[in-house]
Structure formats: structure tokens, C-alpha cells
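A.B. asks: Quick one: the structure is below, questions incoming.
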Amino acid sequence: MYLANELTRTGYNVSIMSPIMSDDVEKSLHASNITPINLRANLFTKNLGLSLLWFETWAREALINLNSRNVDNRSSTTINFSQVISVPSLAWYLQGPPSIALRDMEKELSTGFRIAYNFLKPIIGHLDERLVTRMSAASDIIIANSEFCASMYSSFGVKVNDIIYPPLDCQMFNPSTAKPSSDYVLTYLGKETKFSVVKQIADKGIKIKAFGSKTPFIQRELLNHPNVEFLGHVTTRELLEAYSNALFTLFPFTHEPFGYVPLESMACGTPVLTSNMQGPREYVTEGFTGWLIYPDDELVLKAVDLWRGGYPSHMRLNCVKVASKFDVSFYLEKWLNILSNTLAS
């Protein structure tokens, strides 16, 4: 949307296509002078949560090209932010192959999801590689959202031309207070969270506030834990307050190509305790903007140490400075330079 709005502002006619859109999304796009193209896919999982909805949408394309079958983009320049619509594109923006994400998340899945995944694992892997190959062949240039993301696609034989990190609106995400309460630890609960690590930390007596809306993936014993206050879905204002007043943000994960939660936390002046791997390792700096810890038992010990002893106050300023380098202005500048150079050639 940042890129679409900027292109519209500079005089381009912009359309956004999706396999499915709500009426509210279509109205919002029209209000921004962007033309919505709703493919109106008939999805069986439309009432079962966004994660299953996305997986079904991916499966439709991976199996029989069902999303892209009737797409006509011959009269336009296409930038494909999708992993579920295979069409000829000027640029394809990579955000992570589902087969690798599911492999990394397997141990934290509920029993039912894990059984289903193990049955389908070989099929998912084959379909994912086939779809990635098809989409990369249809794209003039390929851009990844992180170095780690690029490395995942290289295992499929895809050559990535550039890296553009996702944008952060630093006008929106900034410290809401100069005197944070620091009386809790904030964490996100989603399908990629290592719930076992969060529970171990809560078991140590650390007060945790948790947000997230993907409740089908969250373990019941964690939601009912006496040291965990589950906030559920929060507004942007509530999220800013939660980030800004936390002692630190806890982000143990199974799979994360980039990771918005650590970066949003840093923009609000709060350091991050996270796993020493994948996307977050590219912008969280040990002892400067947070702590990168592996293995998990060491991460738990570090959480206890921070809860009891704190950390230098200047780390909060470090976080804001580093996060500012991911501001949406840099994102737009890089995209517009790439598009200008590619179209000129």
C-alpha cells in the first residue's frame, strides 16, 4: 500500500489484485484512487482464520493455477507481492516459501495440524518448488525481503537480484512515553511463536503481556497461565503503548523471514530478546538494540537475568536510531529507483 499510494500520488494508474477482498478493503482502495481487482475466489476456509485461508489460496495456485487462470495483465506493468498468483511480472517480491515455514514450525503445531502436515509434507514441498520455479521464470527481476529470505529461495535455484526490507512507518511507531513502566515483558503469540519458550519464561515468575489474533495456533495452557495477560487483537495505539512501556520485547520464533514485531518494538524504544537466527538477526544487534540468544534454554536464562537486573538505559535510544533506517521513505526510494532503472532499460 505504501508503494501503491506513492505511485498514485506521482500520476500512475494503480490497481491491486487479490484472490479475495472484503468489501471494506475494496472501499478503502477506491478511496485511495486505487482500482481493486477482486478475483472472488470461492474459498472453503474463509471462516477458519487468515492462516488457513492463505494456505488454501496458495494450494489453489500450486495445484492447478486456479488464481491466475483468468488474469489478464498484458496491458500493464505488474509488481507481484504475492506468493499465490503466478503472472508475468516486472518484479516479484519474495516473502517466504510455505514449505520451509511449515518445516520450521512443525514442532510447535498442535497435534491435529502436525499430523496433517506430516501426511502432506512431501506433496507441499514438491508443489512449492514447482510454483516458485514457475513464478521466478515469469519475473524480470526478483527481490527478497531479507538476506535470509533470499537464501531460502536460492535452495530452489532462484537468483535474487536485490534486497528491500519491509517498511516501517516511523511517524507512527515511536516511543509513547519518556518514562516507561518496565513492569512487564511483551510478546507476540502467533503461528511462528515458540510457545514452549514463552511458557518456560512465564513459569519463572516473569509477568508477560501477549498480543495476537491467531488464537487457533495458541496453546490453551499458555492463554490461561497466571503470569500471562493475553491482550488478543490490539489497536495501533494500544500496541504502541504496549511496546513503549515493556521492559523488553520477547520474540522466540520457529520461522521468520524478516519479523515486524522486533523492529516495531525497537522503533518504540524497547530492546528485543530473540532467537539468534533468520531475519531478526539482520537488524537486532547483540548488546546494542537487544540480545540474540541460542539455544532456547539460554534465552530463558537471559530473560530471567534481564527481568531481575535490567539493562543500560541508552539501549532504548539505540533502538530508535537503528529502527529509523527502515523507515518507509527508504523503502519507497529504493523501489522507485529499481522501477525507474528497470523500465528505462
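What follows draws every value from the coordinates through simple rules; no lab data is involved. None of the values given here were measured: they were computed from a predicted structure. In this analysis, Cβ positions are derived from the backbone assuming ideal geometry, glycine residues included, and neighbour counts consider all displayed protein chains.
A.B. asks: In what sequence do 114, 237 fall when counting other Cβ within 10 Å, fewest first? Write down the numbers at each step before the final one.
C.D. replies: Details: 114 14, 237 10.
Final ranking by Cβ density, sparse to dense: 237, 114.
A.B. asks: Can you give the relative contact order of the stretch 113-171 as a percent, counting alpha carbon pairs under 8 Å and 6+ residues apart? Please report the intermediate quantities before stating the final value.
C.D. replies: Values: 38 pairs, mean separation 17.3, N = 59.
The normalised contact order for the stretch 113-171 reaches 29 percent.
A.B. asks: Here is a follow-up. Which residue fluctuates the most in the chain, going by a Gaussian network model with Cα springs under 10 Å, if the choices are 174, 245, 47?
C.D. replies: 47
A.B. asks: Still on this structure: Using 29 Å as the Cα-Cα cut-off, could you pick out the over-long pairs in 46/159; 27/179; 121/191? Don't jump to the answer; show the numbers that get you there.
C.D. replies: Values: 46/159 34 Å; 27/179 40 Å; 121/191 17 Å.
In this structure, 46/159; 27/179 exceed 29 Å between Cα atoms.
A.B. asks: Between 0 and 90 degrees, rounded to the nearest ten: what's the tilt of helix 236-245 against the longest Cα principal axis of the chain?
C.D. replies: 40 degrees
A.B. asks: Can you tell me which of 200, 95, 278 moves the most in a GNM of the chain? Springs connect C-alpha atoms under 10 Å apart.
C.D. replies: Checking each option, the largest mean-square fluctuation is seen for 200.
A.B. asks: Relative contact order of the stretch 1-80: what whole-number percent is it, with Cα pairs under 8 angstrom and at least 6 residues apart? Working shown, then result.
C.D. replies: Numbers: 59 pairs, mean separation 17.5, N = 80.
Relative contact order, the stretch 1-80: 22 percent.
A.B. asks: List the residues of the stretch 179-199 whose backbone N lies under 18 Å from a point placed 7 Å from the Cα of residue 155 along the Cα-to-Cβ direction.
C.D. replies: The answer is 192-193, whose backbone nitrogens lie closer than 18 Å to the label point.
A.B. asks: Sorting check: for 56-64, 119-127, which peptide has the highest mean count of neighbouring beta carbons within 10 Å, and how do the rest follow? Before the final figure, lay out each step's value.
C.D. replies: Working: 56-64: 19.0, 119-127: 14.0.
Ranking the peptides 56-64, 119-127 by packing returns 56-64, 119-127.
A.B. asks: Using a Förster distance of 45 Å, how high is the FRET efficiency between residue 63 and residue 304, based on the Cβ-Cβ distance and rounded to 0.05? Mind dumping the intermediate values first?
C.D. replies: Numbers: r = 47 Å, r/R0 = 1.05.
Between residue 63 and residue 304 the formula returns 0.45.
A.B. asks: Another question about this same structure. Under 8 Å for C-alpha pairs, at least 6 residues apart: give me the relative contact order for the stretch 185-326, rounded to a whole percent.
C.D. replies: Numbers: 247 pairs, mean separation 32.1, N = 142.
Computed value for the stretch 185-326: 23 percent relative contact order.
A.B. asks: Between beta-carbons, use under 14 Å as the cut-off and find the net charge around residue 20, counting Lys and Arg +1, Asp and Glu -1.
C.D. replies: Working: positive: 40, 46, 60; negative: 23, 24, 26, 56, 61.
Summing Lys and Arg as +1 and Asp and Glu as -1 gives -2.
A.B. asks: Show the residues, 5+ positions off or on another chain, whose built amide H is closer than 5 Å to the amide H of residue 35.
C.D. replies: 14, 15, 16
A.B. asks: Select from 89, 66, 251 the residue farthest towards the positive end of the dipole of the chain; place +1 on Cβ of Lys and Arg, -1 on Cβ of Asp and Glu, and compute about the Cα centre.
C.D. replies: Comparing the listed Cα positions along the dipole, 66 ranks first.
A.B. asks: Something else about it: Over the Cα atoms of the chain, what radius of gyration and what Dmax do you get, in Å?
C.D. replies: Both quantities, over Cα of the chain: 20.7, 61 Å.
A.B. asks: Residues in the stretch 62-99, backbone N under 18 Å from the label point at residue 123 (7 Å along the Cα-to-beta-carbon vector): list them, ranges by number please.
C.D. replies: Label zone hits: 62-67, 98-99.
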